[in-house]
Amino acid sequence: MKKLMLSIFAIAAFGFSVSAENNTAKVSDATAGGEIVAPITLTNGGTVLEFGRIARGASGTGTITILPASGDQTATAAVSGVDRVLGVTRQATAFTVGGQVGLAYGVTLPANGSAFAAGITIDYSHSATGTIAIAGGDVFYVGGTLHIDNATAQVGAYTKTFEVTVTYN
């Protein structure tokens, strides 16, 4: 009987020690981190994306393209399907994006083919490098191509406000 009790006690003790070892909590360290960066900003330089004065063509579709410039804002215009471009200075519009130097950013413009006026649509383009290189910010320009349906576009002066959005990548 003593042997039986001793055996039961040994089995019970062994069972408890195994059970206790399996339920022991394991501890490990982890690190949390983060970095606060300067907020991204966008400022229009006070200029207008200007396509100038355009004399409609007799038929078909005409286009005038203002390429985003780098440096001065006098843009090169490519003209097709309109009779001529008169007088008014053509230019891309300037923006300055600021924020954390060295961080990449993306630019979002309205979709190509955006309505400008009846018979007129616009495709936007930009010259952004995508990285804030200096503390004063990165300057980029927005240009575009104006598509004119010569049969339906009406004579008149047109303006349209459009949104430019920048975000950190």
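The values are calculated or read from the model by the stated rules, or taken from the named source; none is laboratory data. On a predicted model such as this, the values are computed, not experimentally measured, just so you know. In this analysis, Cβ positions are derived from the backbone assuming ideal geometry, glycine residues included, and neighbour counts consider all displayed protein chains.
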Original post:
Looking only at segment 43-61, which residues are of a type outside the set (A, V, I, L, M) and on the phi < 0 side of the Ramachandran plot?
Top reply: 43, 44, 45, 47, 50, 51, 53, 56, 57, 59, 61
**OP:** Go through (1) crowded, with 16+ Cβ neighbours inside 10 Å; (2) of a type in the set (Gly, Ala, Ser); (3) more than 14 Å from the chain's Cα centre (by Cα); (4) within 20 Å of residue 50 (Cβ to Cβ) one by one and return the number of the condition residue 157 breaks.
**Re:** (1)
Original post:
If a residue has to be touching a strand residue (DSSP E or B) at 6+ places or on another chain (Cβ under 8 Å), part of a loop (DSSP other than H, G, I, E, B) and without any contact (Cβ under 8 Å) to a residue 60 or more places away in the chain to count, how many in segment 133-155 make the cut?
Top reply: 2
**OP:** Quick one: residue 3 ticks every box in (1) under 30 Å from residue 152 (Cα atoms); (2) of a type in the set (D, E, K, R); (3) at pLDDT below 55 except a single one, so which number is it?
**Re:** (1)
**OP:** Kindly state which strands (runs of 3 or more DSSP E) lie completely within segment 25-98 and contain at least 3 residues that are modelled with pLDDT under 85 and out of contact with any Lys or Arg (no Cβ under 6 Å at 6 or more places or on another chain).
**Re:** 77-80
